[in-house]
Amino acid sequence: MQDLTYTPKSAWKRFAEEADQAEVAKFVESYRAFLSTCKTERETIAYVERRLREEGFGDDPKSGKYLVNLRGKALFAVRRGTMPLAEGISLLAAHADSPRLDFKQRPLIEQASVVQAKTHYYGGIRKYQWLSRPLAIHGVIVKDNGERVEICLGEKPEDPVFCVADLLPHLAQKQMDQSLREAFEGEKLNIVVGHKQPPAACAEKDSEKEEGILKKAVLKLLHEHLAIDEEDLITAELEVVPAGAARYVGFDKALIGAYGHDDRICVYTALEALLASEHLGRSKAVIFWDKEEIGSDGATGASSRFLGYCVESMTRAWEPQTSASQVLLHSQAISADVTAALDPDYQDLHEKQNAAQLGFGPCFSKFTGSRGKYGSSDADAEYFGFVRGLFKHANIPWQVAELGKVDSGGGGTVALFLAQWGMQVIDLGPALLAMHSPFELASCVDIYTTWQAYTAFLNR
Ligand code: MN
Ligand code: MN
C-alpha cells in the first residue's frame, strides 16, 4: 500500500557519499572563517560589500549588478534577471545584528580597585550567560572632527580580553534562592577593563587615595593607543561580544558552535546564493538589515523605507514604465532567519510533532509571533505550497516548525516588514540549539542545505 504519511528525514542521509560530505565540509569551513571575524553588523555588512564588489556588483543600477550600502549597517544587492520587473523579484532578507552588550555612553567607573565599563545589553540575552567568559570589544569611535577610530580588541591571541566577573559560590547563598530575573541585574553587567595602579602613585604619599586614579590610568592608555579621551567615548559605538573563533563541536565535528549564528548564518548563505545565481528568470536580490534584535526600528532596520527606495532606483533604471509598488507587490520573499531546534534537555517546552530538529535541513515557519499568532505574517497556502514544490523539484531537504508550544513559545522575524509591501513571504532558516546565547550551535548539514535552498529559490 502507498505510504501516505509524512515523516521528516535527517538531511545527513543525503550526504552519505564521501565526496558530498567533503563539499559540505568545505562550505562550512568558509562559513566558520566568516563567522569568526564578522561579529558586528558593521563588520558583516563590510564583508558582504567587499565580496559583492569583487564579483562586479557596484553603485550603478544600469550595470545589472547593483548594491546599496546604508551607512555600513544595512545593504541591498540585486542581480538583474531576464524577466520583466513588473512580475516582481525574488528576495532573501536576513539581519546582520546579534544580541550583545553595548558600552554605555559614559561607561568608565572605578570601584574596589577595578576599572569597569558599564553596559546596556542589546537584544534578548540571558544575562548570566555573559558572566565569567572572555569578551572582545568591537566598534567605532567618532571624534567631534569626524575622525573615525575602529576597535577590535580581544580576538588575536596576543590581545587582552575583557569580562564580567561573576559572583563566587561562597557568597551566592542569597542569590541561589532568587529568581533569575532578580539574581542577574542589567546594571551589574560591568566589563572589567583595568586595574593597574600607575607607578607615579607609589612615590606620592596620598595619591593612592586620589579618586579615579585607576580610571585616569586607563584613559591615559586609551589616549596613547587610540588618541581618544573620555568625551570621545560618549559618541562611540562599542559592542562587547564573546571573544574567539567559531569552533567545531563534537567528536564528529558535525556542529559549529559560535556567537552570532542568529542571523549571520542566513546572511552568509543568502549572500553565497546570490553570488552563485544566474542572470536568468526573475531579478534576484538580498537585503540585510540591522536592529532586528531590538524590534527592527531605526533607519537601518526592516521597518524603514530603505527597501522601497532601493527598489525604486532599480526600477527607474531598468524599467521606468513600471512603478516600484508594482514590483514590490509582485515580489516573493524568504524571511531568512533561524529558529529554535528541539532541545534534547528541554523537550517538554516544544510540541514535538511541530518542532524543528537539528540536521533536518532548513525549517519553514509559516507564521511567527506568539499567543494566537499575534505579531505575525502568516504565509498563505499558495505561496507555501509553491516554495515546497521548488525544493521537492531541486531535491532539497526542509522541515517545518513552530517556535515552542502554543501559549508558551514564540518570536518575531522581519517577515511582517516584508509583508507590509504586499509581497508574498515565508520564514525559512536553520534551527539552532542555545539560540541567543554567546555560543549557539548549528548543524553543518543545515548550514549547507540552507544555502542550497536559498540558491534554488533565487534560481527558480
Ligand atoms: Mn534572528
Ligand atoms: Mn534573534
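I'd like the full set of residues that are in contact with a strand residue (DSSP E or B) (Cβ under 7 Å, 6 or more places away or on another chain) and either within 16 Å of ligand 2 (Cβ to nearest atom) or of a type in the set (S, T, N, Q) (or both), limited to the range 58-69. ASN69 - this is the single residue of the range 58-69 that is in contact with a strand residue (DSSP E or B) (Cβ under 7 Å, 6 or more places away or on another chain) and either within 16 Å of ligand 2 (Cβ to nearest atom) or of a type in the set (S, T, N, Q) (or both). Give the residue, chosen from GLN116, GLN105, GLN111, that is assigned by TED's automatic domain parsing to the domain that holds LYS188 and surrounded by 21 or more Cβ atoms within 10 Å (Cβ to Cβ). Just a single option satisfies the conditions, and that option is GLN116. Taken together, the criteria exclude ALA245 from residues that are buried (at least 19 other Cβ atoms within 10 Å of the Cβ) and touching a residue at least 60 places away in the same chain (Cβ under 8 Å).
Restricted to strands (runs of 3 or more DSSP E) entirely inside the range 238-353, those with at least 1 residues that are small (Gly, Ala, Ser) and modelled with pLDDT of 95 or more are 255-258, 284-289, 332-335. Scanning for something under 20 Å from TYR248 (Cα atoms) and open to solvent by 10 Å² or more (accessible area, probe 1.4 Å), does the range 37-57 turn up at least one residue? Yes: one or more hits. Examine the range 362-379 for a residue that is loosely packed, with under 14 Cβ neighbours inside 10 Å, in a loop (DSSP other than H, G, I, E, B) and at pLDDT below 95, and state whether such a residue exists. Checking the range 362-379: at least one residue is loosely packed, with under 14 Cβ neighbours inside 10 Å, in a loop (DSSP other than H, G, I, E, B) and at pLDDT below 95.
Against the list (1) farther than 30 Å from PRO84 by Cα; (2) more than 16 Å from ligand 2 (Cβ to nearest atom); (3) open to solvent by 20 Å² or more (accessible area, probe 1.4 Å), the condition GLY257 fails is (3).
Of the candidates GLY422, GLY385, the single residue that is surrounded by fewer than 23 Cβ atoms within 10 Å (Cβ to Cβ), in contact (Cβ under 8 Å) with a residue 60 or more places away in the chain and of a type in the set (Gly, Ala, Ser) is GLY422.
If you go through the range 81-88 one residue at a time, do you hit one that is open to solvent by 30 Å² or more (accessible area, probe 1.4 Å) and out of contact with any Lys or Arg (no Cβ under 8 Å at 6 or more places or on another chain)? Within the range 81-88 (the criterion being open to solvent by 30 Å² or more (accessible area, probe 1.4 Å) and out of contact with any Lys or Arg (no Cβ under 8 Å at 6 or more places or on another chain)), the answer is yes, since at least one residue qualifies.
The residues of the range 119-145 that are in contact with a strand residue (DSSP E or B) (Cβ under 6 Å, 6 or more places away or on another chain) and open to solvent by 80 Å² or more (accessible area, probe 1.4 Å), listed by number, are HIS120, TYR121. With the requirement that a residue be aliphatic (A, V, I, L, M), within 20 Å of GLN353 (Cβ to Cβ) and either within 15 Å of ligand 2 (Cβ to nearest atom) or part of a helix (DSSP H, G or I) (or both), what does the range 385-427 give you? LEU403 - this is the single residue of the range 385-427 that is aliphatic (A, V, I, L, M), within 20 Å of GLN353 (Cβ to Cβ) and either within 15 Å of ligand 2 (Cβ to nearest atom) or part of a helix (DSSP H, G or I) (or both).
Screening ASP297 with (1) in contact (Cβ under 8 Å) with a residue 40 or more places away in the chain; (2) within 16 Å of ligand 1 (Cβ to nearest atom) gives one miss only, at (1). Taken as a whole, the structure leaves VAL267 outside the set of residues that are in contact with a Leu (Cβ under 6 Å, 6 or more places away or on another chain) and either open to solvent by 40 Å² or more (accessible area, probe 1.4 Å) or at negative phi (or both). Kindly establish whether VAL286 is under 23 Å from THR368 (Cα atoms) and either within 16 Å of ligand 2 (Cβ to nearest atom) or open to solvent by 10 Å² or more (accessible area, probe 1.4 Å) (or both). Considered against the rule, which asks whether it is under 23 Å from THR368 (Cα atoms) and either within 16 Å of ligand 2 (Cβ to nearest atom) or open to solvent by 10 Å² or more (accessible area, probe 1.4 Å) (or both), VAL286 comes out as no. Among the residues of the range 146-186, those that are touching a residue at least 12 places away in the same chain (Cβ under 8 Å) and either open to solvent by 100 Å² or more (accessible area, probe 1.4 Å) or within 24 Å of the chain's Cα centre (by Cα) (or both) comprise VAL149, ILE151, CYS152, LEU153, GLY154, GLU155, VAL161, PHE162, CYS163, VAL164, GLY186. Per the listing GLY81, GLY72, the residue uniquely touching a Ser or Thr at 6+ places or on another chain (Cβ under 6 Å), away from ligand 2 (no atom under 16 Å from the Cβ) and not in a strand (DSSP E or B) is GLY81. Does the range 440-451 contain at least one residue that is in a loop (DSSP other than H, G, I, E, B) and either in contact with a strand residue (DSSP E or B) (Cβ under 7 Å, 6 or more places away or on another chain) or over 16 Å from LEU92 (Cα atoms) (or both)? Scanning the range 440-451 turns up no residue that is in a loop (DSSP other than H, G, I, E, B) and either in contact with a strand residue (DSSP E or B) (Cβ under 7 Å, 6 or more places away or on another chain) or over 16 Å from LEU92 (Cα atoms) (or both). Within the range 219-238, can one find any residue that is under 25 Å from ALA434 (Cα atoms), touching a residue at least 40 places away in the same chain (Cβ under 8 Å) and in contact with a helix residue (DSSP H, G or I) (Cβ under 7 Å, 6 or more places away or on another chain)? Checking the range 219-238: not a single residue is under 25 Å from ALA434 (Cα atoms), touching a residue at least 40 places away in the same chain (Cβ under 8 Å) and in contact with a helix residue (DSSP H, G or I) (Cβ under 7 Å, 6 or more places away or on another chain).
Any residue that is of a type in the set (D, E, K, R) and in contact (Cβ under 8 Å) with a residue 40 or more places away in the chain - is there at least one of those in the range 328-341? There is at least one residue in the range 328-341 that is of a type in the set (D, E, K, R) and in contact (Cβ under 8 Å) with a residue 40 or more places away in the chain. CYS38 fulfils the conditions (1) touching a Leu at 6+ places or on another chain (Cβ under 6 Å); (2) within 16 Å of ligand 1 (Cβ to nearest atom); (3) not charged (D, E, K, R) except for a single criterion, (1).
The values are calculated or read from the model by the stated rules, or taken from the named source; none is laboratory data. Not measured: the values here are computed from a predicted model. Glycine gets a Cβ as well: all are built from the backbone with ideal geometry, and neighbour counts include every protein chain shown. Side chains are part of the model used for accessible areas, which takes the heavy atoms of the whole protein and leaves out ligands, DNA and RNA. Shrake-Rupley method; radii C 1.70, N 1.55, O 1.52, S 1.80 Å.
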